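The values are calculated or read from the model by the stated rules, or taken from the named source; none is laboratory data. Keep in mind that what you see is a predicted model, and the values were worked out from it rather than measured. FYI the Cβ positions are ideal-geometry reconstructions off the backbone, even for glycines, and counts take in every protein chain you see. Note: areas computed on protein heavy atoms with side chains; ligands, DNA, RNA excluded. Shrake-Rupley method; radii C 1.70, N 1.55, O 1.52, S 1.80 Å.
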Amino acid sequence: MRRFDGDTLLIATHNRGKLEEFRALLAPHGITVKSNRDFDLPEPEETEATFVGNARIKARAAVDATGLPALADDSGIEIDGLDGAPGVHTADWAETGQGRDFHVAMERAWRELEARAAPEPRTARFCATLVLRWPDGHEEVFEGRAEGRIVWPMRGADGHGYDPIFQPEGHDRTFGEMPTDEKNAISHRARALKKMQAVFGDPA
Ligand SMILES: O=c1nc[nH]c2c1ncn2[C@H]1C[C@H](O)[C@@H](COP(=O)(O)OP(=O)(O)OP(=O)(O)O)O1
Ligand SMILES: [Mg+2]
């Protein structure tokens with residue numbers, strides 16, 4: 001595994017919720033985090049059928065645009081009662097034609113579970129695949145998962161995306177009811193980033 005010995009890392013995302021989580025998670029490493037606020041990053045089309053494929057597309061586009069090492073995240077939720085959907089299409093379920101509305105996406109997930117009369121608990125997991133890419137093209141990949149269940153009605157105004165309908169295993173609140181630091185102790189993104197600690201030379 002290649003060590004990251006730079007001092008600046010570009011977070012290749014247009015999602016503010018992800019960016020704020022990465023800022024908090026990377027703060028202890030003393031790395032300067034740059035983002036789409038510092039560069040007008042391209043928003044490439046996510047045309048691959050896998051999380052890692054799409055994370056690679058985003059990492060490559062960001063490195064090519066800036067010359068900086070970049071960290072991209074492709075993530076989503078797999079709902080067992082929907083045969084793993086929405087999966088890589090998690091963000092697409094929120095598209096309305098006038099931007100993304102995650103209430104629309106969460107309602108669709110619930111409606112489809114009801115239509116199939118899916119049994120409780122309605123198990124699901126968040127998955128995150130991180131691709132760290134250097135300007136010379138070297139890449140390291142890290143994956144993290146958070147197991148839980150889909151609940152209805154949605155609960156909580158914290159967080160982003162599908163957080164209000166996802167209750168992680170062993171907890172009685174949704175991600176949407178948890179402050180960022182609490183979610184960041186157990187989330188898919190945090191677990192992937194924990195595996196990445198070795199890249200920064202920290203103990204795992
Ligand atoms: O912790 C999370 N809590 C709630 N929802 C989440 C989370 N993590 C991913 N998600 C959902 C929403 C997101 O829109 C989609 C991923 O889609 P994905 O293409 O990877 O991200 P995105 O389009 O929002 O931002 P970008 O591609 O610029 O990084 O999965
Ligand atoms: Mg995206």
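Data overview
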| read-out | value |
| --- | --- |
| Of all residues in segment 157-180 being part of a helix (DSSP H, G or I) and in contact with a helix residue (DSSP H, G or I) (Cβ under 7 Å, 6 or more places away or on another chain), the one that is farthest from Phe102 (Cα to Cα) | Thr180 |
| Residues satisfying the stated conditions in segment 144-174, i.e. open to solvent by 10 Å² or more (accessible area, probe 1.4 Å) and of a type in the set (S, T, N, Q) | Gln167 |
| Scope segment 33-59; condition farther than 20 Å from Arg189 by Cβ and more than 11 Å from ligand 1 (Cβ to nearest atom); matching residues | Asp38, Phe39, Asp40, Thr47, Ala49 |
| Segment 11-32 - residue that is under 14 Å from Ala70 (Cβ atoms) and away from ligand 2 (no atom under 16 Å from the Cβ) and, of those, surrounded by the fewest Cβ atoms within 10 Å (Cβ to Cβ) | Thr32 |
| Test result for Glu48, modelled with pLDDT under 95, in a loop (DSSP other than H, G, I, E, B), closer than 20 Å to Glu139 by Cα and open to solvent by 70 Å² or more (accessible area, probe 1.4 Å) | no |
| Single unsatisfied condition, Ile57 versus (1) β-branched (Val, Ile, Thr); (2) surrounded by fewer than 18 Cβ atoms within 10 Å (Cβ to Cβ); (3) within 15 Å of ligand 2 (Cβ to nearest atom) | (2) |
| From Pro28, Pro69, residue being away from ligand 1 (no atom under 11 Å from the Cβ) and more than 19 Å from the chain's Cα centre (by Cα) | Pro28 |
| Close pairs from segment 185-198: first among the β-branched types (Val, Ile, Thr), partner more than 9 Å from ligand 1 (Cβ to nearest atom), Cβ under 8 Å, at least 6 apart | Ile186/Pro168; Ile186/His171 |
| Residue under evaluation Asp74, criteria (1) of a type in the set (D, E, K, R); (2) open to solvent by less than 20 Å² (accessible area, probe 1.4 Å); (3) more than 8 Å from ligand 1 (Cβ to nearest atom), criterion not met | (3) |
| Index of the failed condition, Leu25 passing every other in (1) at pLDDT 95 or above; (2) aliphatic (A, V, I, L, M); (3) under 18 Å from Gln197 (Cβ atoms) | (1) |
| Residues within segment 95-126 that are within 16 Å of ligand 2 (Cβ to nearest atom) and touching a residue at least 60 places away in the same chain (Cβ under 8 Å), tallied | 2 |
| Answer from Glu177, Glu140 - the residue that is in contact (Cβ under 8 Å) with a residue 12 or more places away in the chain, within 18 Å of Thr13 (Cα to Cα) and either open to solvent by 20 Å² or more (accessible area, probe 1.4 Å) or over 14 Å from the mean Cα position of the chain (by Cα) (or both) | Glu140 |
| All positions within segment 127-150 that are closer than 13 Å to Ile77 by Cβ and not small (Gly, Ala, Ser) | Cys127, Arg145, Glu147, Arg149, Ile150 |
